[in-house]
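Peer 1: Submitted below is the structure of interest, expressed as structure tokens.
Just so it is clear, none of the values below were taken in a lab; they were calculated from the coordinates. Please read all numbers here as calculations on a predicted model, not as lab measurements. Methodologically, a virtual Cβ is constructed for each residue, glycine included, from the backbone with ideal geometry; neighbour enumeration extends over all protein chains shown.
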Amino acid sequence: MIDLKKDVKYIKGVGPNRVKLLNKIGIFTLEDLISYYPRTYEDRSKPKTLYDCQDGEEALIEAVTLGRLTDVRLKGKTMQKLLINDGTLTATVTWFNQSYLKTKFEKGEKYRFYGKINKKFGKVEIMSPVFDDPSKKSNTGRIIPIYPLTYSLSQNTLRKIIENGIEEVYGNLEETLPKYILDEYKLIGINKATKDIHFPEEFKDFNIARNRLVFEELLSVQLALLELKNNYMDERNGISFNKDVYISDVINTLPFSLTNAQRRVLEEIEKDMEDTKPMNRLLQGDVGSGKTVVAMCAAYKAVKSGYQAAVMAPTAILAAQHLENFKNILNSLDIKCELLISGITKKKKEEILNRLENGEIDILIGTHALLEDNVKFKNLGLVVTDEQHRFGVKQRSKFAEKGKNPDVLVMTATPIPRTLALILYGDLDISIIDELPPNRKKIDTFAVGKDMTDRVNEFIRKQIKEGRQAYIVCPLVEENEELDLKSVEKLYETYKKEIFPEFNVEYIHGKLKQKEKDKIMESFKKGKIDILISTTVIEVGVDVPNSNIMVIENAERFGLAQLHQLRGRVGRGEYKSYCILKYEGKGEVVRKRMKVMCDTNDGFIISEKDLELRGSGDFFGTMQHRTS
């Protein structure tokens, strides 16, 4: 029997240096390696002619070299050029700083090249392609898996290591599903599924393998959640909150009216809280739908029934925003709210912890700091976690253990289709706020190509001169933090020095310390920064009512749900707001996705469309289909 727990360093092609890179992306064992699924695929199996290729298209070309590879020196760098002809057109193949390629090509020989074809002013160029001679199929001539990477680990290297891992296990993996299930649902065996998910001969092979692996994953999740749900249903020793404490007491003090959806959800929550069974509920609501007010009302009922409530947010600045909102409403109802985040002084923290344990604090709002062992409640009755996708189930459980079966309310602004929500959160009951407050303004969304860049910049300039602020989100670079960081800094330099030197431009990304991020966001909120360049770190963030422009570079690289989340950062004040999606690529899927974003502001419609349009490799990863 194969040892799937074997350390990945013993797999052929790994070695001591590469094992560290593999560990960085979560690959520690042979099992991790073979289940590190591709995020998408490139079809390099079918050659095209240069004549038939469109400008900007990525294609496989079979061509004969017309001469030897030459080096061109440019300011300390070298450029390698090779002239080829495929029988329809002549093209120049170009690489940068790849002098070793001199020994790779013979004049008059045929090779396969896969890369981006540029056709301009009657000239054809292929930029930095991968290549093979016709006797080999390592880089071309087949469907190639594309994996999420870390810095310094190339696709070729990872692909070869995974290939070695699969060779080692193929035919020896123990079947995990009973024969009657395989037969009934017409599923292939685990060995073929594992091989074909990585290296399919045809796309139909990938689809068959994916069906098998998805079926198994969902079955495992459903069985585990069913067990959780059964255990949960058996528990009758939760808190039954006071039926004479009415949530309507809070509603009557609000300076605005609740939507019908908010009222319906509050009825569901109030009923849960009065039951002896612990509440375990997911509250879904689009950006700006008013989830915080619902959480506030639930916390009020808990406190006025003699218990404490805890609210955990993913960032310090969002926790501070919650505190401000809670205090504005609940101070007048004699409820004491406090903030606990990692940035506070040791003395202040000790004081908060003492007051919490003594019961002097009714509602504690904070970040992961709330999970620390020294955070002890006198009588915790309600736990609210905001943005569930930032917190694991284990964290949720650890939080709940700080009380005696407290009620749990999980909130998310990521709209999830109901069927998918039932799969992902099968241990929770689900409430949905599917209506926005009447004062919430529609955000005008425009999808534009790179040729509109100058007009977009002039529009930003005009808005900032009128006193507004703008977010500019830089593109994702695979799933690579190091390259994302470089992407932000490069974009920042361009905007600060070349495009908007007259404005205050700043940048923010996930690698900055939390204190630095909070400081930047606070400056942006106070209007000291005109333009904020960012990664998706702002996806869940603080309200900046004065910010009314969201520009997303290379929008085709983001999922629709994520684009919608980012768009929700603007439109939070009195000013007309705009979201500009700059995209590349002429594919039909790109156009459809951009049209969805321009046509609707409804997150639930968008999430349904996201499922329809997302790429085939996305189930196992987080990146969308390659669409250029």
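Peer 1: Determine the shape class of the range 211-364: with a ≥ b ≥ c the square roots of the Cα gyration tensor eigenvalues, call it rounded for a/c under 1.5, and otherwise prolate if a/b is greater than b/c, oblate otherwise.
Peer 2: Prolate.
Peer 1: Measure off 7 Å from each Cα along the Cα-to-Cβ vector at LYS595 and GLU201, then give the distance between these two points in nanometres to one decimal.
Peer 2: Result: 3.7 nm between the two label points.
Peer 1: Also, quick follow-up: When the expected Rg is taken as 2.2 N^0.38 Å, what fraction or multiple of it is the alpha-carbon Rg of the chain? Numbers along the way, then the final one.
Peer 2: Values: Rg = 27.7 Å, N = 628, 2.2 N^0.38 = 25.4 Å.
For the chain, the normalised Cα radius of gyration comes out at 1.09.
Peer 1: Additional query: Taking a ≥ b ≥ c as the square roots of the eigenvalues of the Cα gyration tensor of the range 46-141, is the shape rounded (a/c under 1.5), prolate (a/b larger than b/c) or oblate?
Peer 2: The shape class here is oblate.
Peer 1: Would you mind pulling out the separation of the Cα centroids of the range 123-171 and the range 32-68, in Å?
Peer 2: First find each Cα centre; the distance between them is then 11 Å.
Peer 1: So, one more: Using 7 Å Cα-to-Cβ label points, what is the TYR180/ASN17 separation (nm, one decimal)?
Peer 2: Here the answer is 5.5 nm between the modelled labels.
Peer 1: DSSP beta bridges in the chain, what fraction antiparallel, as a percent rounded to 5?
Peer 2: Of all bridge pairs located within the chain, approximately 40 percent are antiparallel.
Peer 1: Quick check on packing: order 95-103, 68-76 by the mean number of other C-beta atoms within 10 Å, highest mean leading.
Peer 2: 95-103, 68-76
Peer 1: Starting from the Cα of GLU58, step 7 Å along the direction of its Cβ; do the same at ASP543; then give the gap between the two resulting points in nm.
Peer 2: Distance between label points: 4.2 nm.
Peer 1: State the extension gain, in nm to one decimal, for the chain segment bounded by GLU324 and LYS24, taking 0.36 nm per residue of separation less the distance between their alpha-carbons.
Peer 2: Full extension of this stretch gives 104.2 nm more.
Peer 1: Could you give the size of the charge dipole of the chain about its Cα centre, using +1 on the Cβ of each K and R and -1 on the Cβ of each D and E, expressed in debye and rounded to the nearest 20?
Peer 2: Value, rounded to 20: 2040 debye.
Peer 1: If you don't mind, there's one more thing I want to ask. Can you tell me which lysines have their Cα less than 20 Å from the Cα of LYS595? Leave out same-chain residues fewer than eight positions away.
Peer 2: Hits, sequence-local ones excluded: LYS441, LYS442, LYS450, LYS582, LYS586, LYS609.
Peer 1: Moving on to the next point. Working from the pairwise distances between different alpha carbons, so that the mean of 1/r is found and then inverted, what is the range 444-620's Kirkwood radius in Å?
Peer 2: Kirkwood radius, the range 444-620: 16.5 Å.
Peer 1: Rounded to the nearest 0.05, what FRET efficiency do PHE215 and LYS75 have when you use their Cβ-Cβ distance and R0 = 56 Å?
Peer 2: So, using R0 = 56 Å, E works out to roughly 0.50.
Peer 1: Oh, and also: When a/c reaches 1.5 or more, the comparison of a/b and b/c decides; with that in mind, is the range 284-371 rounded, prolate or oblate per its Cα gyration tensor?
Peer 2: Note, shape of the range 284-371 comes out oblate.
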